[in-house]
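Visitor: One structure is given below, represented as structure tokens, and several questions about it will come after.
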Amino acid sequence: MSRTELTARAAVLSARLEEVHPLMLAPAVGLMVVMTTVVALAMVVVLAAVVLVTGAAALLVCLERALSAATGWRPRARAEVAR
């Protein structure tokens with residue numbers, strides 16, 4: 001295609017785009033809003049799960065340290081467990 005033909009084709013396509021009524025775009029916009037909301041909620045759920053797991057791990061570490069300090073108990077070394 002020559003440059004002139006490409007320019008004419010671009011003008012036709014541009015005119016067609018201007019004919020699109022905003023109501024024709026409403027379903028696409030609605031779908032975008034729904035999908036954005038779903039993705040955002042999924043991210044919130046994942047973040048909450050990470051926070052809960054991290055908090056549980058930290059709580060277990062604190063509990064182990066508190067019990068170790070209160071009773072003087074220390075975990076056995078790996079070499080002792082292997083015997």
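Visitor: Rank Ala48, His21, Ala8 by how far each Cα sits towards the positive end of the charge dipole of the chain (+1 on Lys, Arg Cβ; -1 on Asp, Glu Cβ) and give me just the farthest.
Guide: Most positive-ward Cα: Ala48.
Visitor: Quick one: length gained pulling Val39 to Leu52 fully straight, 0.36 nm per residue minus the C-alpha distance?
Guide: Fully extending the segment from Val39 to Leu52 adds 2.7 nm.
Visitor: Here's another thing I want to ask about it. Compute the acute angle (0 to 90°) between the alpha-carbon long axis of helix 3-19 and the principal axis of greatest extent of the alpha-carbon atoms of the chain; round to the nearest 10°.
Guide: Approximately 70 degrees, to the nearest 10.
Visitor: Accessible surface of Leu47 in the full protein assembly, 1.4 angstrom probe, to the nearest 10 Å²?
Guide: Counting only protein heavy atoms, Leu47 exposes about 110 Å² to solvent.
Visitor: Return the FRET efficiency for the residue pair Ala10, Leu31: r is the Cβ-Cβ distance, R0 is 41 Å, and the value is rounded to the nearest 0.05.
Guide: 0.90
Visitor: Using only helices, what value at 222 nm comes out for the chain when you add -39,500 (n - 2.57) per DSSP H run of length 4 or more and divide by the total residues, to the nearest 500 deg cm²/dmol?
Guide: Using -39500 (n - 2.57) per qualifying helix, the result is -30500 deg cm²/dmol.
Visitor: Show me the three semi-axes of the equivalent ellipsoid for the chain, from the C-alpha gyration tensor (sqrt of 5 times each eigenvalue), largest first, rounded to whole Å.
Guide: 67, 20, 8
Visitor: Right, here's the next one. For the range 35-46, take each phi angle, set θ = phi - 60°, evaluate the Karplus expression 6.51 cos²θ - 1.76 cosθ + 1.60, and give the result in whole Hz per residue in order, putting x for glycine and proline.
Guide: Karplus-based 3J(HN,Hα) across the range 35-46 equals 5, 4, 5, 4, 5, 5, 5, 4, 5, 5, 5, 5 Hz.
The values are calculated or read from the model by the stated rules, or taken from the named source; none is laboratory data. A quick note: this is a predicted structure, and the numbers were derived from the prediction, not measured. Every residue, glycine as well, gets a Cβ built from its backbone with ideal geometry; the counts of neighbours run over all protein chains shown. When the accessible area is computed, the model is the full protein with side chains, heavy atoms only, and any ligands, DNA or RNA have been set aside. Shrake-Rupley method; radii C 1.70, N 1.55, O 1.52, S 1.80 Å.
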